[in-house]
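Enquirer: Before anything else, here's the structure in question.
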Amino acid sequence: MDLRDSPEDAAFRAEARAWLEANLTGEFADARGLGRAGLQHEGRELRMAWERHLGMQGWTCVGWPVEYGGRGAPMSQQVIWNEEYVRADAPARVNVMGEGLLGPTLIAYGTDDQKRRFLNPIRWGTQLWCQGYSEPDAGSDLANVQTKAVLEHGQWVITGQKVWTSYAQWSDWCFVLCRTDPESTRHHGLSYILVPMDQAGVEVRPIRQLTGTSEFNEVFFDRARTDSDLVVGEVDDGWRVALATLAFERGVGILGDIVGFRRELDHILDLARKNGRGANPVLRKRLADAWIRLFILRLNTLRSLTGVDGPVAPPQASISKLFWATWHRDLGELAMDVLGSDALVGAALPYELTDPQRIFLFSRADTIYGGSNQIQRNIIGERVLGLPPEPKVPVAAKVAPAS
Ligand SMILES: Cc1cc2nc3c(=O)[nH]c(=O)nc-3n(C[C@H](O)[C@H](O)[C@H](O)COP(=O)(O)OP(=O)(O)OC[C@H]3O[C@@H](n4cnc5c(N)ncnc54)[C@H](O)[C@@H]3O)c2cc1C
């Protein structure tokens with residue numbers, strides 16, 4: 001595998017780098033570094049303005065086909081854009097769900113009307129989306145979705161509760177997985193429905209996280225309404241569409257994250273050099289291990305994306321997710337150990353965290369969202385190692401108290 005940029009990719013990298021340098025100036029100079037994990041509320045207005053600026057200049061949705069307003073950038077250039085974006089310390093993107101999840105799903109499964117109506121506002125950064133999949137009893141076991149939708153007078157009427165809905169408090173629309181066949185069970189009889197958030201039947205309640213901030217929310221649908229033609233794919237066939245969306249989750253973006261991880265690791269190495277704890281033999285080994293594993297992560301991610309023109313295939317995607325999520329969680333723990341007792345002191349009262357504390361607390365979430373570590377291990381066990389399928393535990397046994 002040749003990891004050097006081809007002449008076309010090198011030219012693209014230079015163009016992307018120059019554009020970011022020239023544009024993260026003036027009103028956007030203050031946007032640098034805003035909105036990292038655990039700080040998603042930071043600088044919303046400025047970041048929204050930046051998002052629209054990116055959209056107007058053709059720097060959102062770079063991987064979308066040209067006919068839908070993207071650049072049709074090959075995988076290598078999508079990776080480069082993500083790397084350069086993070087390297088420039090540009091602010092965290094605000095429409096990750098629209099650009100990365102719903103857009104590609106609509107391109108694959110949407111009607112012409114749905115594409116006409118939604119793709120441009122996503123691309124221009126003027127319409128924000130959230131993902132309404134998880135429910136109190138349907139997280140890892142997503143097929144247990146209970147939120148229901150019924151057709152009444154030409155509209156879907158939606159009732160139920162979603163949870164952990166990232167960015168719902170800022171979103172204009174939500175793609176909601178609903179049960180449309182009341183007789184159905186499991187993954188049958190579900191539909192993938194687009195629902196406007198700004199209406200009386202939708203209530204969003206932010207959930208306070210370990211970091212003290214609220215990225216995700218509970219979302220209550222109480223006879224919320226949406227038009228009958230806003231089902232993506234066929235009615236009752238939403239499971240297929242929902243899985244397609246999941247496959248788009250965290251594709252090339254991870255290469256940008258790796259640049260950010262490297263920055264975090266460099267900061268922790270710097271702390272270890274300065275406070276002398278880098279002399280501790282156990283910490284030295286863990287720091288070196290972190291550096292080596294990050295290098296492996298980058299190489300393996302590049303390998304998994306080589307020759308791929310869409311989402312990464314499931315077993316490879318699971319290996320990658322398990323690896324980077326565990327790496328990042330371990331880095332948070334390492335950061336605390338490098339700081340020693342200083343790790344207990346925040347940046348300011350009442351709840352302002354230092355960067356290492358924020359990494360430590362937020363990275364717990366990495367091993368949960370997008371499929372928990374345990375679920376990724378199940379997939380690897382069954383699909384890569386050919387182990388027998390995990391035993392199905394009856395629901396009653398799951399809730400029985402331990403004797
Ligand atoms: C930061 C963050 C953002 C999120 N954003 C969104 C969002 O925008 N939209 C959305 O719909 N959801 C979102 N989620 C929800 C996420 O998809 C779920 O948290 C995840 O699927 C796990 O579901 P759960 O929390 O219900 O845990 P559960 O499924 O109840 O699992 C609890 C524990 O049991 C383990 N477990 C469960 N089943 C098995 C099994 N079969 N074998 C072994 N172990 C098992 C899990 O690994 C976990 O440790 C987000 C989560 C986080 C942390």
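Enquirer: Sequence neighbours fewer than 8 away in the same chain don't count; with that in mind, list the lysines whose C-alpha is under 29 Å from Lys321.
Expert: Within the straight-line limit of under 29 Å, Lys321 reaches these lysines: Lys162, Lys285, Lys392, Lys398.
Enquirer: Could I ask something else about it? Quick check: the angle from helix 112-124's long axis to the longest principal axis of the chain, C-alpha only, nearest 10 degrees?
Expert: 30
Enquirer: Could you tell me the relative contact order of region 142-200? Use alpha-carbon pairs under 8 Å, at least six residues apart, and round to a whole percent. Don't skip to the answer; put the middle values down first.
Expert: Values: 80 pairs, mean separation 20.1, N = 59.
So the answer I get is 34 percent.
Enquirer: Separate question: Multiply the residue separation of Arg263 and Glu15 by 0.36 nm, subtract the distance between their alpha-carbon atoms, and state the gained length in nm to one decimal.
Expert: Details: separation 248, 0.36 × 248 = 89.28 nm, distance 2.26 nm.
Extra length available between Arg263 and Glu15 comes to 87.0 nm.
Enquirer: How much accessible area per residue does region 57-153 have, counting only protein heavy atoms and a probe of 1.4 Å, in square angstrom?
Expert: Working: 3810 Å² over 97 residues.
With the other protein chains kept in place, region 57-153 gives 39 Å² per residue.
Enquirer: Moving on to the next point. May I ask you to give the solvent-accessible area per residue for region 264-403, in square angstrom, as obtained with a 1.4 angstrom probe? Provide the component values of the computation, followed by the final result.
Expert: On the way: 8340 Å² over 140 residues.
Averaged over the residues of region 264-403, the accessible area is 60 Å².
Enquirer: Continuing with this model, one more query. For the pair Lys115 and Asp181, what calculated FRET efficiency results from E = 1/(1 + (r/R0)^6), where r is the Cβ-Cβ distance and R0 = 30 Å, to the nearest 0.05?
Expert: Values: r = 26 Å, r/R0 = 0.87.
My answer for the efficiency is 0.70.
Enquirer: Taking 0.36 nm per residue of sequence separation and subtracting the Cα-Cα distance, how much length would be gained by fully extending the chain between Arg44 and Trp291, in nm to one decimal? Walk me through the numbers before you get to the answer.
Expert: Details: separation 247, 0.36 × 247 = 88.92 nm, distance 3.29 nm.
Answer, rounded to one decimal: 85.6 nm.
Enquirer: When the helices in the chain are scored as -39500 (n - 2.57) per DSSP H run of 4 or longer and the sum is shared across all residues, what 222 nm value do you end up with, to the nearest 500 deg cm²/dmol?
Expert: Numbers: 12 runs with 172 residues, N = 403.
Taken over the chain, the calculation gives -14000 deg cm²/dmol.
Enquirer: Taking 0.36 nm per residue of separation and subtracting the Cα-Cα distance, what length does fully extending Val308 through Thr126 add?
Expert: Values: separation 182, 0.36 × 182 = 65.52 nm, distance 3.00 nm.
Between Val308 and Thr126, full extension yields 62.5 nm more.
Enquirer: If you count, for each residue, the other Cβ atoms within 10 Å and average over each peptide, how do 130-140, 113-123 line up from highest to lowest?
Expert: Values: 130-140: 20.1, 113-123: 17.7.
The peptides rank, most packed first, as 130-140, 113-123.
Enquirer: Leaving out ligands, DNA and RNA, what percent of the accessible area of the chain is carbon and sulfur, probe 1.4 Å? Could you put the intermediate results ahead of the total?
Expert: On the way: 11050 of 19830 Å².
Reported share for carbon and sulfur atoms: 56 percent.
Enquirer: Of the peptides 95-108, 345-358, how do they stack up when ordered by the mean number of other Cβ atoms within 10 Å, highest first?
Expert: Working: 95-108: 23.4, 345-358: 13.9.
Result, highest mean Cβ count within 10 Å first: 95-108, 345-358.
Enquirer: Sort 381-392, 34-45, 323-334, 274-285 by the packing proxy (mean of other Cβ within 10 Å over each peptide's residues), most packed first. Numbers along the way, then the final one.
Expert: Values: 381-392: 10.1, 34-45: 17.5, 323-334: 19.6, 274-285: 12.1.
Answer by packing, highest mean first, reads 323-334, 34-45, 274-285, 381-392.
Enquirer: Still on this structure, I have one more. Please figure out what share of the DSSP beta bridges in the chain is antiparallel and state it in percent, rounded to the nearest 5. All intermediate terms of the calculation are to be shown ahead of the outcome.
Expert: Numbers: 29 of 35 bridges.
Antiparallel: roughly 85 percent of the beta bridges in the chain.
Enquirer: Let's see if you can work this out: charge +1 on each Lys and Arg Cβ, -1 on each Asp and Glu Cβ, no other charges. What is the dipole magnitude of the chain about its Cα centre, in debye to the nearest 20? Walk me through the numbers on the way to the answer.
Expert: Numbers: 44 positive and 51 negative charges, 229 e Å.
Dipole about the Cα centre, nearest 20: 1100 debye.
Enquirer: Farthest toward the dipole's positive end in region 90-165, which of Pro104, Leu151, Pro121, given Cβ charges of +1 (Lys, Arg) and -1 (Asp, Glu) about the Cα centre?
Expert: Pro121
Enquirer: Suppose we keep just the DSSP beta bridges with both residues in region 81-225; what percent of those would be antiparallel, to 5?
Expert: On the way: 24 of 29 bridges.
In region 81-225, DSSP labels about 85 percent of beta bridges as antiparallel.
Enquirer: Arrange the residues Leu339, Leu194 by how much accessible surface each exposes, largest first, with a 1.4 angstrom probe.
Expert: Values: Leu339 30, Leu194 0 Å².
I get Leu339, Leu194, largest accessible area first.
Enquirer: Per residue of region 161-178, what does 6.51 cos²θ - 1.76 cosθ + 1.60 with θ = phi - 60° give for ³J(HN,Hα)? Whole Hz please, x for Gly and Pro, Karplus curve as stated.
Expert: Each residue's phi maps through the Karplus curve to give 10, 9, 8, 6, 7, 5, 6, 4, 5, 10, 8, 8, 9, 9, 8, 10, 8, 10 Hz.
Enquirer: With everything on Cα atoms, drop me the angle between helix 75-87 and the longest principal axis of the chain, reported from 0 to 90° to the nearest 10.
Expert: So the helix axis and the longest Cα principal axis differ by about 60 degrees.
Enquirer: Determine which residues of region 64-89 fall in the zone a paramagnetic label at Met56 would reach in this model, i.e. backbone nitrogen under 20 Å from the point 7 Å along Cα→Cβ.
Expert: Hits in region 64-89 for Met56 at 20 Å: 69-71.
The values are calculated or read from the model by the stated rules, or taken from the named source; none is laboratory data. All values reported here derive from a predicted model rather than from experimental measurement. All Cβ positions, glycine included, derive from the backbone under ideal geometry; neighbour counts span all protein chains shown. SASA here: full protein model, heavy atoms, side chains in, ligands and nucleic acids out. Shrake-Rupley method; radii C 1.70, N 1.55, O 1.52, S 1.80 Å.
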